[in-house]
1. Quick one: what are the phi-derived ³J(HN,Hα) couplings along the range 261-267, Karplus 6.51/-1.76/1.60 with θ = phi - 60°, whole Hz, x for glycine and proline?
2. May I ask you to derive the FRET efficiency for residue 230 and residue 103 from their Cβ-Cβ distance with R0 = 30 Å, giving the value to the nearest 0.05?
3. For the range 187-201, what does the Karplus curve 6.51 cos²θ - 1.76 cosθ + 1.60, with θ = phi - 60°, yield as ³J(HN,Hα) per residue in whole Hz, taken in order and with x for Gly and Pro?
4. Consider all pairwise Cα distances in the range 143-267 and report the whole-number % of them above 26 Å.
5. Tell me, what HN-Hα J-couplings in whole Hz come from the Karplus equation 6.51 cos²θ - 1.76 cosθ + 1.60 at θ = phi - 60° for each residue of the range 310-316, using x for Gly and Pro?
6. In a shell of Cβ-Cβ distance under 13 Å around residue 220, excluding residue 220 itself, what net charge do Lys and Arg (+1) and Asp and Glu (-1) give?
7. Could you list which residues have their amide H under 5 Å from that of residue 256, counting only those 5 or more apart in sequence or on another chain, with H placed in the peptide plane?
8. Give me, ordered by chain and number, the residues 5 or more places off residue 232 or on other chains with an amide H under 5 Å from its own placed amide H.
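What follows draws every value from the coordinates through simple rules; no lab data is involved. Every value quoted in this text rests on a predicted model; they were computed, and no experiment measured them. No Cβ is skipped: glycine too gets one built from the backbone with ideal geometry, and neighbour counts run over all protein chains shown.
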Amino acid sequence: MKQRIILLLALLGGLFSPSFLLAEDRGGHIDFTPWSLDWDISDDTGLVLRNVFYAGEKVLAKASMPVLRVKYEKERHWWNPFSLGGSRAATGRCGPFQDRLSWTNTVPIPNCGDKKVCAQTYHHDEVEWLELGVYARIGEYHIYQAWYISRDGEIHPVVHSRGLSCNTDHVHHPYWRFDFDIDGNGQDQVFRYDVGGKDEGWGAGWHKYTNEINDTNVPDRIWFVRDQPTGHGVWVMPGQAYSPLTDEALTRDSFSDMDIAVRRNKRWEDEPWTFGARGELAYDQDQEGIQEQDIVFWYVGHLPHKAALGPIKWLTLGPVLRIQR
């Protein structure tokens, strides 16, 4: 990831010439063998991947990042005129915010032909990667949302962020939505694996989710989404804490108190974020069964930003998706 951050800084700073560029379109198609995928940025859900295939088999119907919720330690009070408008710098009170990436708040990327959506390839540890990203400006924030895709079967959804609305500690909570469609038949199973966990019939450490759920991360916990007929699947693993962060999961709190959520897929719930800055992810009122159903897997990150780091330090976060055949 250190190499990716260097590439990011060069790309945004005008020092790097990408391997290839995308035309100024709001959508397109990429073949990056053995991957094939469509992309678009057409609403407030960021840079979206659709119809993602690996080695000829469908993996994802859609992957997106509908929102980054931002919680400052000192919030702005709606009833206090001295915490509004231009006074926020003096009071240190801001937010909360719901940052949503769209075509209108993305900006041209230096040295990428001033394109708003840019792709490049690079090698790391003898593996070739595709990077597809957009650069957004929302208030004082600089946000680079990217998908890093390796030829050997990994997708790293990552958000890079810098900037301060107030000189106050705060946390960015990105919400990624993965509509898995492994082998395209909609008979999904979702498992949680804990090292050293008990045997519930699936083997030591394995727990199968049966109903819609919100869950949290603990050390040595990962998830596996599997197609029941074929056994093919995708591991979902928490990303490492990238410098200068030490442990992103420690910042989960009452404002954003989940790390993952599993929902039964419903067409009308595939929409831009509707819960506001203070609202948590819902769609689980009926606690519907998810066994061997078409599911949606949400991953929630927790990206702490200490004000002492200042506004120009890029902070980076994201999970890892790994193909299992």
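1. Once θ is set to phi - 60°, the couplings for the range 261-267 become 8, 10, 10, 6, 6, 9, 4 Hz.
2. Numbers: r = 37 Å, r/R0 = 1.23.
Efficiency computed from Cβ-Cβ geometry: 0.20.
3. My calculation for the range 187-201 gives 9, 8, 10, 10, 10, 10, 10, 10, 4, x, x, 6, 9, 9, x Hz in order.
4. Details: 2361 of 7750 pairs.
Counting every Cα pair in the range 143-267, those more than 26 Å apart make up 30 percent.
5. Taking θ as phi minus 60°, the curve returns x, x, 10, 7, 6, 10, 9 Hz for the range 310-316.
6. Details: positive: 192, 221; negative: 194.
Neighbourhood net charge equals +1.
7. none
8. 227
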